[in-house]
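J.: Dumping the structure here so I can ask a few things about it.
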Amino acid sequence: MFTEIQSYQEFLKLKEEELALLAYFSTEICNVCKVLKPKVAELIQSEFPKIKLIYIKSDILPEVAAQNQVFAAPTILVFFEGREYIRKSRNIGIGELQGEIERPYSMMFN
């Protein structure tokens, strides 16, 4: 499941330490985000179990969103070895997300 980030320093530390990291940026008032979040969690847990899931409330931690140039909710960023590989905003399809993660994930973990 998702780990909720409490500070920009925590975000940077996880980005540096984790080989694979999915950051889910959302706000309290985003209804699409609430529907999408469990689907993303299910996809990652079943297909890409080595990816660490983190959740950032953009309205509570605007500096984390700003430093990552996140201006819409929901936004998903996927990092491998600390580098951003995938960026998805607003209308995010689970199948499309899965397809984009598969190649870098298999290169890293297989």
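The values are calculated or read from the model by the stated rules, or taken from the named source; none is laboratory data. This structure is a prediction, so every number in the text was calculated from the model and none was measured. In this analysis, Cβ positions are derived from the backbone assuming ideal geometry, glycine residues included, and neighbour counts consider all displayed protein chains. Calculation scope for accessible area: heavy atoms of the full protein, side chains included, ligands and nucleic acids excluded. Shrake-Rupley method; radii C 1.70, N 1.55, O 1.52, S 1.80 Å.
J.: Within the range 36-46, track down each residue that is open to solvent by less than 90 Å² (accessible area, probe 1.4 Å) and of a type outside the set (A, V, I, L, M). Break it down stepwise before answering.
T.: Residues of the range 36-46 that are open to solvent by less than 90 Å² (accessible area, probe 1.4 Å), as a first pass: 36-38, 40-41, 43-44, 46.
Lys37, Pro38, Ser46, listed by residue number.
J.: Check off (1) under 15 Å from Glu4 (Cβ atoms); (2) part of a helix (DSSP H, G or I) for Leu97 and give me the number that stays unchecked.
T.: Among (1) under 15 Å from Glu4 (Cβ atoms); (2) part of a helix (DSSP H, G or I), the lone unmet condition for Leu97 is (1).
J.: What are the pairs, 6+ residues apart or on separate chains, where a residue within the range 13-33 that is surrounded by 19 or more Cβ atoms within 10 Å (Cβ to Cβ) has its Cβ under 9 Å from a residue that is assigned to a strand (DSSP E or B) and among the charged types (D, E, K, R)?
T.: If the second residue must be assigned to a strand (DSSP E or B) and among the charged types (D, E, K, R), the pairs left are Ala20/Lys52; Leu21/Lys52; Leu22/Lys52; Phe25/Lys57; Ser26/Lys57.
J.: Is it true that Ile92 is assigned to a loop (DSSP other than H, G, I, E, B) and over 19 Å from Ser7 (Cβ atoms)?
T.: On the way: assigned to a loop (DSSP other than H, G, I, E, B): yes; over 19 Å from Ser7 (Cβ atoms): yes.
Considered against the rule, which asks whether it is assigned to a loop (DSSP other than H, G, I, E, B) and over 19 Å from Ser7 (Cβ atoms), Ile92 comes out as yes.
J.: Looking at Glu28, Glu81, which one is among the charged types (D, E, K, R), modelled with pLDDT under 95 and out of contact with any His (no Cβ under 7 Å at 6 or more places or on another chain)? I'd like the intermediate steps shown before the answer.
T.: Details: Glu81 fails: modelled with pLDDT under 95.
Step by step, each of Glu28, Glu81 is checked, and only Glu28 is among the charged types (D, E, K, R), modelled with pLDDT under 95 and out of contact with any His (no Cβ under 7 Å at 6 or more places or on another chain).
J.: Among the residues of the range 75-94, which ones are more than 10 Å from Ala23 (Cβ to Cβ) and either of a type in the set (Gly, Ala, Ser) or touching a residue at least 60 places away in the same chain (Cβ under 8 Å) (or both)?
T.: If the condition is that a residue be more than 10 Å from Ala23 (Cβ to Cβ) and either of a type in the set (Gly, Ala, Ser) or touching a residue at least 60 places away in the same chain (Cβ under 8 Å) (or both), then Phe80, Glu81, Gly82, Ser89, Gly93 are the ones that fit.
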